[in-house]
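Let me begin by presenting the structure, written as structure tokens, before commenting on it.
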Amino acid sequence: MRAWTVASHDDDVRLRDVPAPTLQGGGVLVEVLAAHLPAYTKMVVGGNRGGLPVPLILGPSCVARVTDVAPDVFHVAPGDIVLDTALLDAGDDDEILVGWIGLGGSGAGSERTDRMRTVWHDGVFAERALCAKETMVKLPGAENYPDPARLAFLPWLCIAASGLHAAGPLAGRDVAVMGATGQLGGAAVLVALAQGAATVTAVGRNKESLDRLAELSPRVRTHRLTGDRATDAAGIGPVDVALDTLGATPTADPTMAAYDSLRGRGSLVLIGGVRQDLTIAYGDLMRRRLTLRGSWMSDDETVTTVWNLVRSGLLDLSAIELLTVGLDDPATALDLAERTTGLAFVALVP
């Protein structure tokens, strides 16, 4: 079968013919229907986001059709449409993302995560894949969804939803999304609207992307970052929930502007890639009764919740600009993905 592989840390993504995966205990064989190609995939392969467990078939998650299951797999069956979350959790903060970078807990890894990566290392940018049963979530009724490639955006919607859920119910509350012009931020805007937020303030720097988000609903406000913490806080808030999806920023000022924008008893949830330290005044956090939370990836319950929002029509994926690529030309596909932002994304359809 054909797959995108990375052979070494100094290798590019290459299309290769590789042996088809074979079933093993705890495993699920799938036909890959569509996989999200993250905008930062080139950075991952280049080593700028952490080390890949090479050699491997690349790819962190996908929507797929089950073709076979091991005897100890009972929650999915051949013919089911599933989401492969790629998140394999052994407990005690030992978590890996199969086929990708990323370790749970401290991020340092352990002897156990090394063993996990030895057994489950190949991802899903391929025609078929062998996935761990723990990463499989069934999507009831997805066989009738008219555009399966669009469902490749589900993992990002679920990561955003997990962060929002960490702040409690959203209905009737004012929400701000920092970095809303990125793909994860755009996903968060969609989820917050679907879950009944009174207002959603989309915050970012790209005016074109902000204008597009404003067209989603009268409940969407926008704020274009100025770089001045006080000015940005005033433009964002007051809000009950701020979700930070920002990437590697030169300063922590945008994140701290979100913190400043919170009402009393508000919550700031971090799910992005900011590399800066946050200086929080002890007394301010205490007296305003604020909550600061971290959220990483998502769980099966969140996947089911988000899928039900999509299935019911409350979360309309037609708002997303879908671009599709095949396996034939990895370099061109990665260049296309790198140029996408906001509600545009690239789906790899093997």
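Considering only residues that are aliphatic (A, V, I, L, M) and outside any loop (DSSP other than H, G, I, E, B), look in the range 286-313 and name the one that is most open to solvent (accessible area, probe 1.4 Å). Don't jump to the end; show me each part of the working.
Step one: list which residues in the range 286-313 are aliphatic (A, V, I, L, M), which gives 286, 290, 292, 297, 303, 306, 309-310.
Restricting the remaining residues to those that are outside any loop (DSSP other than H, G, I, E, B) gives 286, 292, 303, 306, 309-310.
Working: 286: 110, 292: 78, 303: 2, 306: 1, 309: 21, 310: 10 Å².
In this case the residue turns out to be 286.
Within the range 33-68, which residues are touching an Asp or Glu at 6+ places or on another chain (Cβ under 9 Å), of a type in the set (A, V, I, L, M, F, W, C) and open to solvent by 10 Å² or more (accessible area, probe 1.4 Å)?
39, 43, 45, 54, 57
Would you check which residues across the range 195-208 are small (Gly, Ala, Ser), crowded, with 21+ Cβ neighbours inside 10 Å and within 21 Å of residue 154 (Cα to Cα) and list them?
197, 202
Can you give me the number of residues within the range 165-180 that are touching a helix residue (DSSP H, G or I) at 6+ places or on another chain (Cβ under 8 Å) and open to solvent by less than 20 Å² (accessible area, probe 1.4 Å)?
Here the count works out to 7.
Looking at (1) of a type in the set (Gly, Ala, Ser); (2) exposed (fewer than 15 other Cβ atoms within 10 Å of the Cβ); (3) more than 22 Å from the chain's Cα centre (by Cα), find the lone condition where residue 257 falls short.
The one condition residue 257 does not meet is (2).
Taking the range 93-115 as the search range and keeping residues that are among the small types (Gly, Ala, Ser) and within 14 Å of residue 60 (Cα to Cα), which one is surrounded by the fewest Cβ atoms within 10 Å (Cβ to Cβ)? Reasoning before the result, please.
Within the range 93-115, the first condition is being among the small types (Gly, Ala, Ser), and the residues that meet it are 99, 102, 104-110.
Pick out the ones that are also within 14 Å of residue 60 (Cα to Cα) and you get 99, 102.
Numbers: 99: 29, 102: 17.
Filtering first and then ranking leaves 102.
How about the range 308-337: which of its residues are over 16 Å from residue 12 (Cβ atoms) and among the hydroxyl-bearing types (Ser, Thr, Tyr)?
The answer is 312, 318, 324.
Are any residues in the range 128-154 assigned to a helix (DSSP H, G or I) and in contact with a Gly (Cβ under 6 Å, 6 or more places away or on another chain), and if so, which ones?
Narrowing the range 128-154 to residues assigned to a helix (DSSP H, G or I): 133-135, 142-144, 148-154.
Residue satisfying the conditions is 133 alone.
From the list 334, 323, 327, pick out the single residue that is surrounded by 13 or more Cβ atoms within 10 Å (Cβ to Cβ), in a helix (DSSP H, G or I), modelled with pLDDT of 95 or more and of a type in the set (A, V, I, L, M).
334
Could you grab me the full set of residues in the range 146-164 that are in contact (Cβ under 8 Å) with a residue 12 or more places away in the chain and surrounded by fewer than 23 Cβ atoms within 10 Å (Cβ to Cβ)?
Within the range 146-164, 147, 148, 149, 150, 162 meet the criteria.
Determine which member of the set 161, 171, 192, 180 is assigned to a loop (DSSP other than H, G, I, E, B), of a type in the set (A, V, I, L, M, F, W, C) and over 14 Å from residue 246 (Cβ atoms). I'd like the intermediate steps shown before the answer.
Numbers: 161 fails: assigned to a loop (DSSP other than H, G, I, E, B); 192 fails: assigned to a loop (DSSP other than H, G, I, E, B); 180 fails: over 14 Å from residue 246 (Cβ atoms).
After applying the criteria, what remains is 171.
Could you identify the single residue in 85, 135, 118 that is among the hydroxyl-bearing types (Ser, Thr, Tyr) and open to solvent by 70 Å² or more (accessible area, probe 1.4 Å)?
Step by step, each of 85, 135, 118 is checked, and only 118 is among the hydroxyl-bearing types (Ser, Thr, Tyr) and open to solvent by 70 Å² or more (accessible area, probe 1.4 Å).
Only one of 216, 270, 278 is touching a helix residue (DSSP H, G or I) at 6+ places or on another chain (Cβ under 7 Å) and surrounded by 15 or more Cβ atoms within 10 Å (Cβ to Cβ). Can you tell me which? Quick ask: steps written out before the conclusion?
Values: 270 fails: touching a helix residue (DSSP H, G or I) at 6+ places or on another chain (Cβ under 7 Å); 278 fails: surrounded by 15 or more Cβ atoms within 10 Å (Cβ to Cβ).
Of 216, 270, 278, the one residue that is touching a helix residue (DSSP H, G or I) at 6+ places or on another chain (Cβ under 7 Å) and surrounded by 15 or more Cβ atoms within 10 Å (Cβ to Cβ) is 216.
Would you point out which residue out of 15, 29, 23 is part of a strand (DSSP E or B), open to solvent by 50 Å² or more (accessible area, probe 1.4 Å), touching a residue at least 24 places away in the same chain (Cβ under 8 Å) and of a type in the set (A, V, I, L, M)?
Numbers: 29 fails: open to solvent by 50 Å² or more (accessible area, probe 1.4 Å); 23 fails: part of a strand (DSSP E or B).
None of the others qualify; the one that does is 15.
The values are calculated or read from the model by the stated rules, or taken from the named source; none is laboratory data. As the structure is a prediction and not an experimental result, all values here were calculated from the model. For neighbour counting, all protein chains shown are included, and Cβ atoms are generated from backbone atoms with ideal geometry for every residue, glycine included. Keep in mind that these areas ignore ligands, DNA and RNA; they rest on the heavy atoms of the full protein, side chains included. Shrake-Rupley method; radii C 1.70, N 1.55, O 1.52, S 1.80 Å.
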